[in-house]
1. Restricting the range 186-209 to residues that are aliphatic (A, V, I, L, M) and under 14 Å from residue 152 (Cα atoms), which is surrounded by the most Cβ atoms within 10 Å (Cβ to Cβ)?
2. Report yes if residue 126 is under 27 Å from residue 95 (Cβ atoms) and crowded, with 17+ Cβ neighbours inside 10 Å, otherwise no.
3. Looking only at the range 92-116, which residues are surrounded by fewer than 16 Cβ atoms within 10 Å (Cβ to Cβ), touching a residue at least 40 places away in the same chain (Cβ under 8 Å) and farther than 18 Å from residue 131 by Cα?
4. Report, by residue number, each residue of the range 46-88 that is among the hydrophobic types (A, V, I, L, M, F, W, C) and touching a helix residue (DSSP H, G or I) at 6+ places or on another chain (Cβ under 6 Å).
5. Select the strands (runs of 3 or more DSSP E) contained entirely in the range 36-81, then report the ones holding at least 1 residues which are modelled with pLDDT of 90 or more.
6. Might you check whether a residue that is closer than 29 Å to residue 144 by Cβ and of a type in the set (Gly, Ala, Ser) occurs anywhere in the range 57-66?
7. Exactly one of (1) in contact with a strand residue (DSSP E or B) (Cβ under 8 Å, 6 or more places away or on another chain); (2) under 22 Å from residue 80 (Cα atoms); (3) outside any loop (DSSP other than H, G, I, E, B) is unmet by residue 155. Its number?
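The values are calculated or read from the model by the stated rules, or taken from the named source; none is laboratory data. Quick caveat, the model's predicted, so the values are computed rather than measured. Every residue, glycine among them, receives a Cβ derived from its backbone with ideal geometry; neighbour counts consider all protein chains shown.
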Amino acid sequence: MAQSGNADETRVFIAPDNVTYGDGRGSFLSLKHPKSGNKACYLYADGGLLEINWFKQSYGSWFLGDYVCEDGRLYTATPVDPIFILLPLFEEARMQKEGDPGKFRQLDEIMYIPGYPGYQQLLSIAENSMQIVCDFKEIGATKFVRLNDAKVLRWLLYKVHQLRQVLPTLDKNFAAQTEKAALTDAVSIMGEYLKEEPWLELLCSKLKLSLEDEVRAPANDVLPSTDSGVASFSTTQEKNGAEKKNARAGRQTKKAKVETDSKNIKDMFSRVLRKRG
């Protein structure tokens, strides 16, 4: 359970143990979502980066002991590979032209984004993680870095392979898929963090997949951010989240189970009142 900037607002927040039981020095950062470019909220804690997602049913509240939390949303913090988040910054920073690999830039220059001071807290993460997809060179005591397309593609293929191995363990429907369908699902999941040009197109070309609607996954319901930290949601934001969820549901072939022999809670209370009368 966590409290937002307003002390009167309590929210249910699920995060890994090392975040919830650590030294409590985690900080919410406003960063650009790697696919949409919109401002989104992330959590930097214990040397790692986590994205904040939320889920809300049409009606719901939380019963927390003797207290009722009116905000029925469920907030989760899940680890995210920082390369996904930083890839658009490094892609733009190299100022690549056709036939030219681009320019080497200093890391602190790349990580300085006006209006997004949160990136400055990720300098150490960027230096460590981006070595996988970048070329580095040193001139004196100064380090310069440039994104390398071949290294990025190798990293993307590795991520697809990881997902391809994990998905069949999650659901029997995934286990029964053809190889092409499994690769399409893996790329679709990664597509929530990748722009179509150049990375999705490059990845699909390498895997001989067609960049169709089933590959172009909608952006994840990442928590939007305000300057004060976790956002307060408007009706429009909730509507957009519902539309995205419905879009995903339309792509699923497996129908959701409908509970049988369930009773409406309103009817249950009505029966109790009639008995008392």
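1. Among residues in the range 186-209 that are aliphatic (A, V, I, L, M) and under 14 Å from residue 152 (Cα atoms), the one surrounded by the most Cβ atoms within 10 Å (Cβ to Cβ) is 203.
2. The answer is yes for residue 126.
3. 113
4. Result: 49, 83, 86.
5. Fully inside the range 36-81 and qualifying: 39-45, 48-55, 74-79.
6. Checked the range 57-66: no residue is closer than 29 Å to residue 144 by Cβ and of a type in the set (Gly, Ala, Ser).
7. Unmet for residue 155, out of (1) in contact with a strand residue (DSSP E or B) (Cβ under 8 Å, 6 or more places away or on another chain); (2) under 22 Å from residue 80 (Cα atoms); (3) outside any loop (DSSP other than H, G, I, E, B): (1).
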